[in-house]
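Presented below is the structure to which this report refers.
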Amino acid sequence: MEENICILMSDLSGYTALTEVHGAVSAADLIDRYIEIIKECLVDDCHLQERTGDEVMVVSSNPDFLLATAVRIINSTSNEHNFLQVHGGIHYGKVLTRHNSYFGTTINLTSRIAAKASPGTFWCSEAFIESLFDKSLFKLQSMGKHTFKNISGVMEMYELRSECKNKVFIDSVCRMLILDIVQATKHPKLENIFFCSPACLDIYLKSQSTNPEVY
């Protein structure tokens with residue numbers, strides 16, 4: 001039997017780069033922290049349905065609860081030093097539940113919406129926005145109409161951004177957020193270029209000496 005549910009899919013921008021630079025142990029540690037953040041941010045009946053690599057799926061029967069969870073996730077991760085930016089998609093529609101797994105076009109479309117979202121944002125479908133009980137609670141910006149592979153018609157998308165007020169730098173090598181420049185590794189010559197570690201600075205300098213267009 002199919003039922004209407006709200007779905008959030010979120011992953012970490014730059015996870016592959018981070019794994020390549022810092023190794024599997026650091027990547028696994030970051031995922032552990034990511035899951036902790038997700039669980040800390042869940043509102044009411046929202047729950048973590050599954051995780052694959054750095055992608056998580058959170059579901060809820062209530063769109064307002066799910067959007068509140070999304071706001072908490074994006075703000076929490078944006079305020080986490082030496083962490084990666086999240087990006088994801090939020091959608092609402094019918095799914096088939098079998099053996100505690102979800103199936104259907106709604107799942108596929110949510111994944112494709114997530115793929116279009118820029119780092120530090122969640123994109124929400126028009127169907128999800130229309131399902132909200134109180135649209136005035138959240139600030140969302142229209143991103144215009146978009147098409148998606150194997151999905152007929154066009155759909156208007158809305159963007160949810162982080163409310164983080166901190167000045168943020170991004171390590172151009174491993175893509176981690178740098179909020180505390182005192183703890184960061186500074187470029188030896190250039191202003192306002194910081195790295196999470198001497199290792200990333202070394203990679204950057206070597207790349208610039210051989211190929212200035214990299215990073």
Problem set entry | Percent antiparallel among DSSP beta bridges (both partners in the range 82-174, rounded to 5) | 75 percent
For this session: Run through the DSSP bridge list for the chain and note the antiparallel percent, rounded to the nearest 5.
Result: 90 percent
Exercise. In degrees from 0 to 90, rounded to the nearest 10, what is the angle of the helix 63-78 Cα long axis to the longest principal axis of the chain?
Worked result: 0 degrees
For this session: Compute the acute angle (0 to 90°) between the alpha-carbon long axis of helix 105-116 and the principal axis of greatest extent of the alpha-carbon atoms of the chain; round to the nearest 10°.
Result: 30 degrees
Exercise. Just how far, in whole angstrom, is the range 62-128 from the range 145-215 if you go by their alpha carbon centroids?
Worked result: 21 Å
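How much of the accessible area of the range 4-127, probe 1.4 Å, is carbon plus sulfur, in whole percent?
On the way: 2330 of 4960 Å².
Whole-percent figure for carbon plus sulfur exposure: 47.
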For this session: May I ask which residue of V182, T147, S60 lies farthest towards the positive end of the charge dipole of the chain, with charges of +1 (Lys, Arg) and -1 (Asp, Glu) on Cβ and the Cα centre as origin?
Result: T147
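Could you provide, to the nearest whole Å², the per residue accessible area of the chain with probe 1.4 Å?
Details: 11130 Å² over 215 residues.
Result: 52 Å² of accessible area for each residue.
Taking the Cα centre of the chain as origin, work out the dipole magnitude from +1 charges on Lys and Arg Cβ and -1 charges on Asp and Glu Cβ, in debye rounded to 20.
Values: 19 positive and 26 negative charges, 102 e Å.
Dipole of the chain, to the nearest 20 debye: 500 debye.
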Exercise. If ligands, DNA and RNA are left out, what is the accessible area of T97 with a 1.4 Å probe, given in Å² to the nearest 10?
Worked result: 60 Å²
For this session: Could you tell me how many degrees, from 0 to 90 and to the nearest 10, lie between the Cα long axis of helix 15-41 and the main elongation axis, the longest principal axis, of the Cα atoms of the chain?
Result: 40 degrees
Exercise. For the chain, what is the calculated [θ] at 222 nm in deg cm²/dmol (nearest 500), taking -39500 (n - 2.57) for each run of four or more DSSP H residues and dividing by its residue count?
Worked result: -11000 deg cm²/dmol
Problem set entry | Reachable lysines, given that their alpha-carbon falls under 20 Å from the alpha-carbon of K139 and they are not under 8 places away in the same chain | K116, K165
Seminar exercise, completed: By accessible area (1.4 Å), largest first, F83, F138, F133 order as F133, F138, F83
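The values are calculated or read from the model by the stated rules, or taken from the named source; none is laboratory data. Bear in mind the structure is a predicted one, so any value in this text is a computation, not a measurement. Here Cβ is always computed from backbone atoms with ideal geometry, including for glycine, and neighbour counts include all displayed protein chains. Each accessible area value is taken on the protein alone, full model and side chains, heavy atoms only, with ligands, DNA and RNA left out. Shrake-Rupley method; radii C 1.70, N 1.55, O 1.52, S 1.80 Å.
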